[in-house]
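*Asks:* For reference, the structure I am asking about is given below.
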Amino acid sequence: MHLLASACRPTLVGALPVIGSQPRGAEISNDPDHVLVRAQIERARRGETEAFGALFGSFGADVARLCARMLGSGADAEDAASETFLRARRAIDDYDATRPFRTWLLAIAAHRCIDRLRQRTREQKLFAPTELDAETLPHPGPSPLRGELDGERRRAVTRAIDQLPERYRAPLVLRYFAEQSYLEIGVALELSEAQVGMLLYRARRKLRELLTEGSPE
Amino acid sequence: MSHPDEALLTTYVDDALTGAARSELDSHLMRCRECRTHVVALRDESAFLGDVLGERERPMPVREAVPQIETGVAIGLPLAIAAVTIVFAVVGALLESRMPGGLDVLHPLRLKGAYEMAFDFIFFLRDSAPGALELIVSLGAVASLSALLSFGVGLVYRRLFGTTAGLVMAVVLIGGGEPARAVQLELDKETRVASDEVVEESMVITGDRARIDGTVKGDVVATVERLQITGRIEGNLYVFARDLDLTGSVGGSVHVISQRARIDGEIEGSCLAVAAMYTLTKDGQVGKDGWLLLAHGTLDGHFRRDVLIGGEDVELAGTIERNLDMRFVDQARLHAGARVGGDVDAWVTNKDDFEQDPGAQIGGTVQLHLEEDPGRQAFWDRVRPSLYVAHAIAYAASFAFGLLLFALIPSLFDVGIRSGRDFFRNLLMGFVLLVVPPCAIVLVGLTLVGLPVAVLASFVYITCLYAAELLVAMWIGRALLGHEAEASLWGFGRVFFVGLAIVFIASHLPYVGKPILLLCVLTGLGLVFERARRLPMFAG
C-alpha cells in the first residue's frame with residue numbers, strides 16, 4: 001500500500017506518463033518538469049550548442065507559427081523567429097525553471113513580433129483603447145465556436161483569424177496559442193489586464209461574426 | 001447577482017479573474033445552470049482556438065450537452081422497451097416460481113454451481129496466462145487507483161476548498177499507506193515455513209501452494225490454491241484458496257473463502273467461513289463464534305460460543321456451547337452425541353428438513369420456523385405494513401442521495417435514451433458493466449498490489465449500481481414531465497421524485513418486480529457508461 005501510494009502521487013492531477021513516446025513541443029509544453037527539456041536547458045546553460053539545437057528543434061515550429069500568425073508569412077516573421085532564438089540564447093540564465101519553457105520562449109517571440117508591428121505602423125498607440133471599444137455590442141451575439149476541425153473548417157477559421165485587425169489578432173494568438181497570462185499580454189501590449197480581457201472578448205466576438213457572415217449555418 | 005456578461009465570463013474562463021469577483025462569480029455559477037452552460041461553451045471555444053492556432057487535430061466531435069428524446073424516432077423506443085420488459089418479466093417470473101426438479105444446480109441463487117464456476121474460472125485464468133494476467137491487473141490497478149484519486153481530488157477541490165481537500169487526501173494516503181517493511185511478501189510458486197522457522201512479521205502469500213509448519217507471529221493473508229497449516233499463527237488468518245487444511249493453531253480469527261475448508265486444529269478467535277465444503281473435525285476447536293455460509297457443512301468439533309449457519313446441508317455431531325441459529329437451510333441433522341448449550345433456531349421449508357437424533361442434547365429450546373410456500377409467503381409479505389414503512393425509508397434515502405448527487409454534480413443527470421437502437425445498445429453495455437467489474441475486482445484482489453484497489457473498486461461498483469437506478473428514474477421523470485421542468489434543485493426534485501416513484505413501485509411488484517429491477521440496472525449502467533464517456537478525460 002505504501003509503495004502503491006507513493007507511486008500514484010505524481011499522477012494525481014495528470015495522466016500517467018506515456019512510456020516510449022517521442023517528446024514533442026506541443027505535448028510537453030505545459031510540463032515545466034519534463035525531464036528531457038530540463039536536462040537540455042541545464043546543458044544549454046553550460047553553453048552546450050547541441051543542447052540549444054535540441055531545444056530549438058522541439059520548440060522552433062511553435063515560435064515560427066507564432067511569428068507567422070502575428071506578422072503574416074514572410075521575411076518579417078522569419079526574422080522575428082531567428083531574433084527570438086538569439087535573444088533566448090543570451091537570456092537563458094534568466095529563465096525561471098518553475099515556468100514552462102515554451103511559455104517563456106513564446107513570450108520572447110511575442111515581444112519581438114509586437115516591436116515589429118509597432119515599427120510597421122509607426123504608431124505607438126496600436127493597442128491603446130479607442131472609442132470603438134466603448135461601443136456596446138448587440139446582445140446576444142453569435143454563440144461560441146465549437147465542433148469538428150476538418151480541413152475546410154480549419155481553413156475557414158484560419159482565414160477569419162487572418163482577417164482580424166492586428167489589435168485583436170495579437171492578444172488572441174498570445175492567449176490561446178502562446179498561452180500567456182493576461183498580465184504577460186498586458187506587459188507586452190502596454191495595457192491593463194482589464195483592457196486585455198476586453199480586447200480578447202471583442203476579438204472572439206468579431207471572429208464569430210466573421211465566420212457566421214462567411215458561412216450562414 | 002444578475003447574469004454576468006460574456007466579457008466577464010471570458011475573463012473567468014481564461015483564469016484571469018481573481019479575488020472577490022471570482023468568488024462571487026463562482027457562487028453564481030453554482031446556482032445558475034444557464035451561465036454554467038455558457039462557461040462550458042466558452043471553454044470549448046478556447047480549446048478550439050488553441051487547436052486552430054496550433055494546427056492540432058481535433059478528431060472527437062464535441063457532443064451536445066444533453067441528449068433529448070427525439071420525437072421522430074421515439075416511436076421505436078416505447079416498442080423496444082415494452083418488448084424487452086415483457087420478455088424480462090415472463091422469463092423472470094418463470095424463474096422465480098419453482099425450477100423444474102433436477103435442474104437445481106442451474107438456479108443462480110444456489111451456492112454449489114456458482115462456487116465451482118467462480119473458482120475454476122479464476123484459477124484457470126491464473127494458470128493459463130500467469131505473467132500476462134498479473135501484469136495487466138497490476139497496471140490496471142495502478143491506473144484505476146490514480147484515476148479514482150484524481151477524480152476524487154478534482155471533485156472535492158472544485159466543490160469545497162483546496163487546502164482542506166488536499167489535507168484530507170494526504171491523510172488518506174498516509175493513513176492508508178501502512179509501512180511495507182512490516183510485511184513479508186511471498187510471491188513464489190510454493191511457499192513453505194519450516195517447522196523450526198519463526199516468522200516475526202505478517203506474511204502475504206500468493207502462489208500455488210503454501211505450507212506453514214513453523215510459527216508466524218503476525219497475520220497471514222493468503223491467496224493460494226492450497227494452504228496447509230500445521231504450525232502456529234499468532235495473529236489472524238485471511239485466506240482465499242481452493243483448499244484450506246488447518247491442523248495447527250491460530251491465535252486470532254480465521255476468515256476464509258474457499259471451496260474446501262477442513263479445520264482440524266484450534267482457532268482461538270472466531271471462524272468466518274464461506275465454503276462449498278466445510279468440515280470441523282472431532283479435534284477441531286473454535287474459541288469464539290462461528291459464522292458460516294456453506295453448501296455442505298460437517299460440524300464434529302467444538303464451538304465455545306454461538307454459531308450462525310446459512311447453507312444447504314448441515315450435519316452436527318459436535319458441541320456448540322451457546323446458541324445455534326440456522327437460516328435458509330435445506331437439510332439439517334443433529335446426530336447422536338451432538339450438544340447445544342443454548343437454543344436451536346432453524347428456518348426450514350418443511351418439518352422433515354430438520355432431523356434430531358434422540359441422542360442429541362439441547363440445553364435450551366428447539367424452535368422450527370417453517371418457511372411458507374414461497375408464493376403464499378410472497379403474498380402475505382405484501383400485506384404487512386412494516387414492509388411499506390421500510391420501502392418508504394428506502395425511497396426517501398434514494399431520493400436524498402439523488403438530490404445530493406445533483407447538488408454536487410448536476411451534469412451527471414444529463415443523460416437520455418433517444419431511440420430503440422440506443423436502448424438496446426445501453427442494455428448490452430449495461431450487461432457488460434454488470435458482469436465484468438466483479439470478475440475484474442476478484443482478479444485484482446488476487447494480486448498483492450490489488451487488494452486495496454479491489455476494495456475501492458467494489459465501493460465504486462456498488463455506487464454505480466445505485467446511481468444506475470437513479471439515472472433511469474431521472475430519465476423516466478424527464479420523459480413524462482419534460483426537460484424544461486428542471487431548472488433548479490426544486491424543479492429537479494419534482495421530476496426526480498416522480499421518476500423514482502415509478503421505478504420504485506415497478507421494481508417491487510410481485511413476481512415481475514425483480515426482473516424489472518434488473519432491467520433498470522442494466523439500462524442505468526448503460527447510461528452511466530454513456531455519461532462517463534462524455535467526461536473530459538475520455539472525450540479528449
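The values are calculated or read from the model by the stated rules, or taken from the named source; none is laboratory data. Given the structure is predicted, the values throughout are model-derived calculations rather than measurements. Ideal geometry is used to build each Cβ from the backbone, glycine not excepted, and the neighbour counts take in all protein chains shown. Side chains are part of the model used for accessible areas, which takes the heavy atoms of the whole protein and leaves out ligands, DNA and RNA. Shrake-Rupley method; radii C 1.70, N 1.55, O 1.52, S 1.80 Å.
*Asks:* Given the criteria open to solvent by less than 20 Å² (accessible area, probe 1.4 Å) and either among the acidic types (Asp, Glu) or without any contact (Cβ under 8 Å) to a residue 24 or more places away in the chain (or both), does B:Leu292 qualify?
*Replies:* Working: open to solvent by less than 20 Å² (accessible area, probe 1.4 Å): yes; either among the acidic types (Asp, Glu) or without any contact (Cβ under 8 Å) to a residue 24 or more places away in the chain (or both): yes.
For B:Leu292, the condition - open to solvent by less than 20 Å² (accessible area, probe 1.4 Å) and either among the acidic types (Asp, Glu) or without any contact (Cβ under 8 Å) to a residue 24 or more places away in the chain (or both) - is met.
*Asks:* Moving on to the next point. Out of all the residues in the range B:310-324, which are over 12 Å from B:Ala346 (Cα atoms), of a type in the set (Gly, Ala, Ser) and in contact (Cβ under 8 Å) with a residue 24 or more places away in the chain?
*Replies:* Keep residues of the range B:310-324 that are over 12 Å from B:Ala346 (Cα atoms), which gives B:312-313, B:315-322.
Subsequent filtering for residues that are of a type in the set (Gly, Ala, Ser) retains B:317-318.
Listed by number, the list holds a single entry, B:Gly318.
*Asks:* Suppose we filter the range A:195-217 for residues that are under 19 Å from B:Arg43 (Cα atoms) and open to solvent by 40 Å² or more (accessible area, probe 1.4 Å); how many remain?
*Replies:* Within the range A:195-217, the first condition is being under 19 Å from B:Arg43 (Cα atoms), and the residues that meet it are A:196-209, A:211.
Then keep just the ones that are open to solvent by 40 Å² or more (accessible area, probe 1.4 Å); that gives A:198, A:206, A:209.
Summing the residues that are under 19 Å from B:Arg43 (Cα atoms) and open to solvent by 40 Å² or more (accessible area, probe 1.4 Å) in the range A:195-217 gives 3.
*Asks:* Give the residues of the range B:1-22 that are part of a helix (DSSP H, G or I) and surrounded by 11 or more Cβ atoms within 10 Å (Cβ to Cβ), sorted by residue number.
*Replies:* Restricting attention to the range B:1-22, the residues satisfying the condition of being part of a helix (DSSP H, G or I) are B:6-13, B:19-22.
Once the filter is applied, which keeps residues that are part of a helix (DSSP H, G or I) and surrounded by 11 or more Cβ atoms within 10 Å (Cβ to Cβ), the range B:1-22 yields B:Glu6, B:Ala7, B:Leu8, B:Leu9, B:Thr10, B:Thr11, B:Tyr12, B:Val13, B:Ala21, B:Arg22.
*Asks:* Quick check, is B:Leu272 under 25 Å from the mean Cα position of the chain (by Cα), crowded, with 20+ Cβ neighbours inside 10 Å and not charged (D, E, K, R)?
*Replies:* no
*Asks:* Within the range B:452-462, is even one residue over 16 Å from B:Val432 (Cα atoms), at pLDDT 85 or above and surrounded by 18 or more Cβ atoms within 10 Å (Cβ to Cβ)?
*Replies:* no
*Asks:* Filter the range B:23-37 down to the residues that are open to solvent by less than 20 Å² (accessible area, probe 1.4 Å) and over 24 Å from A:Ala203 (Cβ atoms), then identify the one that is nearest to the other protein chains (Cβ to nearest Cβ).
*Replies:* Applying the filter and picking the extreme gives B:Cys32.
*Asks:* Looking only at the range A:144-187, how many residues end up being more than 11 Å from every other protein chain (Cβ to nearest Cβ) and open to solvent by less than 10 Å² (accessible area, probe 1.4 Å)?
*Replies:* Total satisfying the criteria: 2.
*Asks:* So B:Gly297 clears everything in (1) assigned to a strand (DSSP E or B); (2) over 24 Å from B:Val204 (Cα atoms); (3) open to solvent by 30 Å² or more (accessible area, probe 1.4 Å); (4) not aromatic (Phe, Trp, Tyr) except one condition, right? Which one?
*Replies:* In the conditions (1) assigned to a strand (DSSP E or B); (2) over 24 Å from B:Val204 (Cα atoms); (3) open to solvent by 30 Å² or more (accessible area, probe 1.4 Å); (4) not aromatic (Phe, Trp, Tyr), B:Gly297 misses (3) alone.
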